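Read through the structure below, which is laid out as structure tokens, and then see the notes.
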Amino acid sequence: MAGRIALVLGLLLVWLIALMPLKAVALAAGGSQALGYRDVFGTIWQGRAYGLEVNGVPVREVAVSLDPLALLTGQLGGAWQIADTRLRGTGHVRLGRERMVFEQTDLTVTLDRLGLDRLPGLTRDAPIFARIDRIELRDGACLEASGIAQSRALVSLASLSDRTGPALSGTFSCDGDQLALDWGGAVEGLDVAGRVVFGDAAFDWTATVETDWPDLADALALSGMTRDRGVWRASGRENYAAGVDG
């Protein structure tokens with residue numbers, strides 16, 4: 001009998017949680033001050049957060065569908081979908097006890113959203129696509145990372161020389177306790193490579209270009225790259241909100 005009562009009470013608790021407004025969950029998790037949203041609406045099954053800020057970057061709208069069973073353990077978990085003009089994505093996330101896990105995540109972001117559109121020949125809306133299998137962070141430190149990123153942003157740069165540039169591809173990994181992305185691409189006469197290391201509020205990047213296309217030199221110099229023993233190099237740091245107009 002006691003077991004049946006416990007089962008009924010457990011099912012009742014799950015049912016009550018399933019009907020809970022998303023705003024109640026958000027307030028329990030610290031409210032707008034902790035989560036960085038302007039307002040939330042709907043239930044945990046079909047809710048929306050507006051004006052969310054991620055590391056200073058505003059996101060117009062995020063649709064969420066939380067897992068009620070995760071709430072029973074004091075964690076947040078479920079599916080999300082971002083709708084923004086220069087940032088789109090879907091995936092699954094689990095949050096709790098200073099731990100954050102992203103899984104089965106697809107993201108598409110434009111170069112200007114990252115502040116990386118200043119290179120001559122690149123268009124502001126050139127997209128970067130990322131498919132994340134799993135990223136696990138604890139207290140901000142990277143514990144596990146796997147996934148890929150792809151872009152054809154350099155195709156238009158090479159068109160300045162009436163040539164076809166390389167498609168770029170990269171892989172995510174943990175560099176010590178920081179999330180990193182190593183990327184590269186090559187065609188005949190042009191080889192590019194680089195690395196991005198993601199910090200709390202900004203990311204550091206490096207890039208190298210090796211080419212025997214003499215008519216590309218002016219564009220590389222204008223972009224701020226310097227030549228060292230036949231290899232063009234550049235590096236920098238960008239805030240996540242660098243490309244946000246406001």
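Enumerate the pairs (first residue in the range 93-107 and open to solvent by less than 60 Å² (accessible area, probe 1.4 Å); second residue anywhere and basic (K, R)) with beta-carbon separation below 6 Å, excluding pairs fewer than 6 apart on the same chain, so at least 6 apart or on different chains. Going by the 6 Å Cβ cut-off, the qualifying pairs are R99/R138; V101/R94; E103/R134; D106/R131.
Against the conditions (1) within 24 Å of D84 (Cα to Cα); (2) open to solvent by less than 30 Å² (accessible area, probe 1.4 Å); (3) modelled with pLDDT of 90 or more, E238 satisfies every one except (3).
Taken over the range 97-128, the criterion of being at pLDDT below 80 and under 18 Å from A145 (Cα atoms) is satisfied by E98 alone. Taken over the range 214-232, the criterion of being surrounded by fewer than 18 Cβ atoms within 10 Å (Cβ to Cβ) and not small (G, A, S) is satisfied by P214, D215, D218, L222, T226, R227, D228, R229, V231. Among the criteria (1) under 27 Å from the mean Cα position of the chain (by Cα); (2) of a type in the set (A, V, I, L, M, F, W, C); (3) open to solvent by 30 Å² or more (accessible area, probe 1.4 Å), the one V209 does not fulfil is (3).
Just one of the listed residues (A153, A158, A149) is at pLDDT 90 or above and closer than 16 Å to A207 by Cβ, and it is A149. Selection of the range 184-205 for residues being open to solvent by 50 Å² or more (accessible area, probe 1.4 Å) and within 21 Å of A141 (Cα to Cα) yields R195, F198, D200, A201, D204, W205.
From L154, L181, grab the single residue that is within 17 Å of the chain's Cα centre (by Cα) and crowded, with 18+ Cβ neighbours inside 10 Å.
On the way: L154 fails: within 17 Å of the chain's Cα centre (by Cα).
When all the criteria are applied, what remains is L181.
The values are calculated or read from the model by the stated rules, or taken from the named source; none is laboratory data. Everything numeric in this text was worked out from a predicted model, so none of it was measured. Quick reminder, even Gly has a Cβ in these numbers, built from the backbone with ideal geometry, and neighbours come from all protein chains shown. Accessible surface is based on the protein model in full, side chains and every heavy atom, while ligands, DNA and RNA are left aside. Shrake-Rupley method; radii C 1.70, N 1.55, O 1.52, S 1.80 Å.
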